[in-house]
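**Student:** The structure that follows is given in the form of structure tokens.
The values are calculated or read from the model by the stated rules, or taken from the named source; none is laboratory data. Bear in mind the structure is a predicted one, so any value in this text is a computation, not a measurement. Note that each Cβ is placed from the backbone with ideal geometry, even for glycine, and that neighbours are counted across all protein chains shown. These area figures cover heavy atoms from the full protein model, side chains too; ligands, DNA and RNA do not enter into them. Shrake-Rupley method; radii C 1.70, N 1.55, O 1.52, S 1.80 Å.
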Amino acid sequence: MLKLPLKYYDESGRILPPKWLYTILILLCIDWLAFIFSLASRSQTEALLQFFYPQKESLGLGLAASLPVLVGLLLVSQRERLWKRDVTAWRFIVIPATQLGVLSLLAVQIYYAMHHQWGFEYVTGIKLLFYGVALYAISRSRHLKWMIVDWANPHPQDDDTRKKRN
């Protein structure tokens with residue numbers, strides 16, 4: 001009996017990551033995206049970074065806080081390459097690293113709210129709300145937990161052929 005509908009499995013019978021996970025992870029890595037895009041336009045790097053990050057330490061804090069999320073995103077997106085090398089222990093890092101990154105991002109936003117004497121800003125409020133929802137969704141998702149358990153066996157078709165031979 002399948003735990004999830006058939007559309008959540010790949011051709012090999014492994015559970016795919018939910019589509020919302022990629023969206024959340026990319027949005028949590030928005031500091032990295034802004035940094036990379038600002039570096040792509042070499043002539044305007046300074047101006048773009050100054051526009052998005054008026055306080056110089058905000059870029060560094062954002063990059064450092066979202067680094068665990070970036071690691072989780074890279075691990076999930078490169079799972080096929082890791083499976084080809086028969087490496088599966090990384091799967092236990094994905095959820096905790098992402099949770100750590102979200103908690104770090106929450107701490108950074110709370111730091112900025114304290115720095116501005118708890119004055120309301122829409123961007124800070126939206127980020128705090130998004131980070132809270134992201135932390136809840138990642139922590140409580142059965143889909144993610146089943147996916148991590150399912151990824152213990154990177155070659156499910158090999159097991160099926162072995163069972164048929166015996």
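**Student:** Select from region 13-41 the residues that are among the basic types (Lys, Arg) and open to solvent by 80 Å² or more (accessible area, probe 1.4 Å) and list them in ascending order.
**Tutor:** Selection gives LYS19 alone.
**Student:** Out of the residues in region 80-99 meeting the condition of being in a helix (DSSP H, G or I) and among the polar types (S, T, N, Q), tell me which one is least open to solvent (accessible area, probe 1.4 Å).
**Tutor:** Within region 80-99, the match that is least open to solvent (accessible area, probe 1.4 Å) is THR98.
**Student:** Still on this structure, please answer the following. Is it the case that LEU103 is open to solvent by 30 Å² or more (accessible area, probe 1.4 Å) and over 23 Å from GLN55 (Cβ atoms)? Don't jump to the end; show me each part of the working.
**Tutor:** Details: open to solvent by 30 Å² or more (accessible area, probe 1.4 Å): yes; over 23 Å from GLN55 (Cβ atoms): no.
Answer is no for this residue.
**Student:** Just to be sure, is TYR136 under 27 Å from LYS3 (Cβ atoms) and hydroxyl-bearing (Ser, Thr, Tyr)?
**Tutor:** Yes; evaluated as a whole, the condition is true for this residue.
**Student:** Restricting to region 8-54, give me the number of residues that are assigned to a helix (DSSP H, G or I) and either over 17 Å from MET147 (Cα atoms) or of a type in the set (Val, Ile, Thr) (or both).
**Tutor:** 27
**Student:** Here is a follow-up. So which of SER141, SER77, SER58, SER66 ends up being small (Gly, Ala, Ser) and open to solvent by 30 Å² or more (accessible area, probe 1.4 Å)?
**Tutor:** That would be SER77, the only listed residue that is small (Gly, Ala, Ser) and open to solvent by 30 Å² or more (accessible area, probe 1.4 Å).
**Student:** What residue, among those in region 4-61 that are of a type in the set (Asp, Glu) and under 26 Å from LEU135 (Cβ atoms), is modelled with the lowest pLDDT?
**Tutor:** The selected residue is GLU57.
**Student:** Hey, another quick one. Could you list, in sequence order, all residues of region 139-154 that are in a loop (DSSP other than H, G, I, E, B) and either of a type in the set (Ser, Thr, Tyr) or under 15 Å from the mean Cα position of the chain (by Cα) (or both)? Lay out the reasoning, then the answer.
**Tutor:** Let us first name the residues in region 139-154 that are in a loop (DSSP other than H, G, I, E, B), namely 141, 151-154.
Listed by number, the list holds a single entry, SER141.
**Student:** Additional query: From the list ALA97, ALA65, ALA47, exactly one residue is within 13 Å of the chain's Cα centre (by Cα), over 30 Å from TYR8 (Cα atoms) and of a type outside the set (Lys, Arg). Which is it? Lay out the reasoning, then the answer.
**Tutor:** Details: ALA97 fails: over 30 Å from TYR8 (Cα atoms); ALA47 fails: within 13 Å of the chain's Cα centre (by Cα).
That would be ALA65, the only listed residue that is within 13 Å of the chain's Cα centre (by Cα), over 30 Å from TYR8 (Cα atoms) and of a type outside the set (Lys, Arg).
**Student:** Turning to a different aspect of this structure: Just to be sure before I move on: is LEU135 on the phi < 0 side of the Ramachandran plot, over 14 Å from the mean Cα position of the chain (by Cα) and in a helix (DSSP H, G or I) in the structure I sent?
**Tutor:** no
**Student:** Separate question: Name the pairs whose Cβ atoms lie under 6 Å apart, with the first residue in region 76-100 and farther than 12 Å from ALA152 by Cβ, the second assigned to a helix (DSSP H, G or I) and open to solvent by 50 Å² or more (accessible area, probe 1.4 Å), and 6 or more positions between them or separate chains?
**Tutor:** Close Cβ pairs (under 6 Å, with a partner that is assigned to a helix (DSSP H, G or I) and open to solvent by 50 Å² or more (accessible area, probe 1.4 Å)) amount to ALA97/VAL71.
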